[in-house]
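Read through the structure below, which is laid out as structure tokens, and then see the notes.
Rule-based calculations on the coordinates, nothing more; no lab input. The shown structure was predicted, so the numbers you read here are calculated from the model rather than taken from an experiment. Counting neighbours? That spans all protein chains shown, and the Cβs are built from the backbone with ideal geometry, glycine included.
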Amino acid sequence: MADTTENGSQAQFGIPEREEVVIPVYDMSCEHCVRRVSQALEKLPGVKNVRVSLADSHALLELDSSQTGIDAVKHAIVEAGYLIEPAQDEGAVAAMKLDASSMITPAETSTGIKDLGYGEQGKESEDGKQQFKVSGMTCGNCALTIEKKLKGIPGVQMAAVNFASETVTVEYDSRTLRLSDIFEKVKDAGYIPLENPDEYDDDLDAVRQRNWLIFSAILAFPIMPLMYLPMSRPIMYTIFVLATVIQFTAGWIFYRGAYHALKNRLANMDVLVAMGITASYGYSVMTTINMWYPDLFFQGPNFFDTSALLITFVRFGKYLEAKAKGRAGQALKRLLELQADKARLLVNGEETEVAASELKIGDVVIVKPGERIPVDGEIIEGHASIDEAMLTGESIPVDKGAGDPVIGATINRSGSIKVKITSTGKDTVLSGIIKMVEDAQGVKPPIQRLADLIANYFVPAVVTLSTITFLIWYFALHSSFVFAFTAAIAVLVIACPCALGLATPTAIMVGSGVGLNRGLLFKSAAVLESISSVQAIGFDKTGTLTKGTPEVTEIIAAAPYKEKVLLQIAASGEIPSIHPLAQAVVARARKEEVEIGEVEDYQEESGHGISCSYQGKPLLIGNMKHMVKYGIDLKDIEQSFQRLAGEGKTTMLVAYDSHVIGLIALADVLKETTRDAIKRLQKLGLKTFMITGDNKMVAQVVGQQLGIDQIEAEILPQDKINIIKKYQEQGLKVAMVGDGINDAPALAQADIGIAIGSGTDVAKETGDVILVRNDLLDVERAIRLGRKTLSKIKQNLFWALIYNLIGIPVAAGVLYPLTGKLLPPEWAGLAMAFSSVSVVSNSLLLKGYGKKLID
């Protein structure tokens, strides 16, 4: 019987069979991610009709298995930076619907920034997203151990561990898993999850490391002179006791770490150090026992000083590392410290001091000069100058009055105000920024995968090299056992996977902190890396390049009237109107302190203008049609009218007592920093283009003023996405800057979406970078910061790799034929410690770059 299905017919005529395939895709957070997955799949041969759903977390496609297998499809998704975990419960996954795309949701704040969706640290999150601190990690391989453990749990969709900040970010199915289950797995891996983030403090960790260092040094340094004295039983006993105490107190952390690493079938720095100190201590114990009982073991020197000093030097490195890591995260720590502790709550007309955490939406608080505003709210009474430097980086206070929004943690510099609370807890602007920065630091950028890949094979390779070193020196070159043994131990302890593990996260932490202090918010670490390679950048016109509101640009009065009189008459006629053009005229009159009079018989004629009576005479304000309708002669100003129209400006004609008395030109003027921003971007080598729905004449005028390379005018919102695609098809990596709802599709399509801080919530949801200060110069600053951060990451990886490539052969004794000396294991351990410190210190140099960003 013939196959009558479509596939059967295809097979019959030699057409390749296609099957419809559904593959789960996790870790997508916005339409931008959807586009990336789609592009990755569409590149595969034999794959057609790709449809990726953010809501359902899956990709639907037609697959010709003769060209591409299902494993290749899954590999493409993983390579694009996303996760594949078969859903335990499709309904649960659909219910979860990764809300990370709603990093910024509508809220009653001036910027609309809200919580990223992660639950409070250490507390159960209903949507299964959590970030918490972990204690006990000693190197990058420890982070990989925890990741491997968590990713093996059914129901966990994403797990990322940041070694530098010691945080775990995890997304899981809250219907099948609880946070306590995840904590148990972390404990099982040998690490300590902290339910309360306050339990862990970088400064306290540095103090603990310092105390262990002092303890180790006090016991270790006396061993050195004792080793050079004639060896008697009392001296030997003393050395043995001191070395044993250090070995199993200060050195115990390395044994514990090595045990848990091997238990999880991974190897980390602790394995190397534990092998090194055990070999030197164990050999020394055997030679020492031989001194007392000659029939046991063998004769030889002891290495008690080596194991003791090795532990001390590694502890010294850990102390320096803890200090440096604490400094790397200072930007976020300072933000947390900004939150107000107390508030003056107004109850029945009386002030009551309460904890800021107890405030509820609708409460009214009093904020006096010099005090911090406790949480987000709206001024209902009074005027004040608000210092918003913590949010925008601007040092000049902003004057605010009744009806204006205020942000929690900003400072009231002058004036007493009453504030009605509009947001509390995790819904405040400050909480949203903190979460955004934590998320950016918690997710790994693509370049980190290289470091992780190397780290996976690093420790086994070092153990192998150590063994080979011993075999070559002892058997091939016939050196003494002690000589070969010393070289093997030096190889073990000089190797450093820590530097590789710290290279990327420390640079990301410092870079995102610098951006935070300058009003640049990066939604993920990948964005901070990828913005550095942008080649073309597009701008929406209205509200992005321009202020978004009309302003009076020119006033032309017909004789015998003066410009100020014309403005006074026009403002008097327009003050009853709520039209933006009318309000712009009134605003200009108030700015110039012109007295505005009253009018009678006021009427608005839609699409034309207004008519009224001013000081007993008829007054007309409007367009050309309005003047023609009332038979007004315009020959006195016709030339000026044509010139302004040619410049793309809106003209408002004014006729008083049946005669034209002048015209007022209005335009959506450029922001103060727009010209400078475009020039700077072009100096960086970027191609610039403008996308606008405005008419070509207006667009050309704006484009010429700015010197923009390409102008795309009269573009419908739904077509903006095609303009972005056009540039991407030219092989360019494209960024898009916008502020409105109509920019959201283009922001999502672009490789990097940059949203203006004063824009709509939808634009900010879709953007990868948010410019809090609404300053276009920050676009160029964000790109420069991204390039500098990526440069630091590459420098760190280079030095981490070059250190090991040079250090391991030196420790193995390649320079011995030239120098006649081997590198002592204790000095190898010190070199290993300093390699980590150097990487962190190099990242900290980014802090100084923050000052250059304002140039």
Estimated distance in nm for a label pair at Val364 and Asp181, the labels positioned 7 Å out from Cα along Cα-to-Cβ = 5.0
What residues have an amide H closer than 5 Å to that of His58, excluding those fewer than 5 places away on the same chain, when H is modeled at 1.01 Å from N in the peptide plane?
-> Val25, Ser53
Karplus couplings for segment 608-615 from phi (6.51 cos²θ - 1.76 cosθ + 1.60, θ = phi - 60°), rounded to Hz, Gly and Pro as x?
-> 10, x, 10, 9, 6, 10, 10, 6
Treat each spin label as a single point 7 Å out from the Cα along the C-beta direction, and report the Glu729 to Glu79 distance in nm.
-> 2.4
Expected sort for 636-648, 835-847, 669-681 on mean C-beta neighbours within 10 Å, highest first, is 835-847, 669-681, 636-648
Please quote Rg/Rh for segment 553-647 to two decimal places, taking the Kirkwood radius as Rh and restricting both calculations to Cα atoms.
-> 0.93
Which ³J(HN,Hα) values in Hz, rounded to whole numbers, follow from the phi angles of segment 791-797 under the Karplus curve 6.51 cos²θ - 1.76 cosθ + 1.60, where θ = phi - 60° and Gly and Pro get x?
-> 4, 5, 4, 5, 4, 4, 5
Taking 0.36 nm per intervening residue step and subtracting the Cα-Cα distance, what contour gain separates Leu262 from Tyr457 on full extension?
-> 68.8 nm
Quick calc, segment 509-599, dipole around Cα centre from Cβ unit charges on Lys, Arg (+) and Asp, Glu (-), nearest 20 debye, gives 300
Among GluC sites (Glu not before Pro) in segment 578-620, those in a DSSP loop whose Cβ has at most 10 other Cβ atoms within 10 Å are Glu593, Glu595
Glu195 label point, 7 Å along Cα→Cβ, cut-off 16 Å on backbone N: hits in segment 148-188?
-> 178-188
Segment 604-754: relative contact order in percent, alpha carbon pairs under 8 Å with at least 6 residues between | 13
Once the in-chain neighbours fewer than 8 apart are removed, the lysines whose Cα is under 20 Å from Lys794 read Lys325, Lys444, Lys847
Phi to ³J(HN,Hα) by Karplus 6.51 cos²θ - 1.76 cosθ + 1.60 over segment 520-536, Hz, x for Gly, Pro | 10, 10, 9, 6, 7, 5, 4, 5, 4, 7, 6, 5, 5, 9, 4, 10, 9
Links exceeding 26 Å between C-alpha atoms in this model, out of Lys48/Lys696; Lys683/Lys788; Lys129/Lys523; Lys671/Lys720; Lys149/Lys788, come to Lys48/Lys696; Lys149/Lys788
Quick one: net charge around Gly648, please, counting Lys, Arg +1 and Asp, Glu -1 for every other residue with C-beta under 12 Å from its C-beta.
-> +1
Quick one: net charge around Ile575, please, counting Lys, Arg +1 and Asp, Glu -1 for every other residue with C-beta under 11 Å from its C-beta.
-> -1
Among all the lysines, which ones have a C-alpha under 29 Å from Lys342's C-alpha, if same-chain residues fewer than 8 places away are not counted?
-> Lys114, Lys123, Lys133, Lys333, Lys360, Lys368, Lys400, Lys418, Lys420, Lys426, Lys435
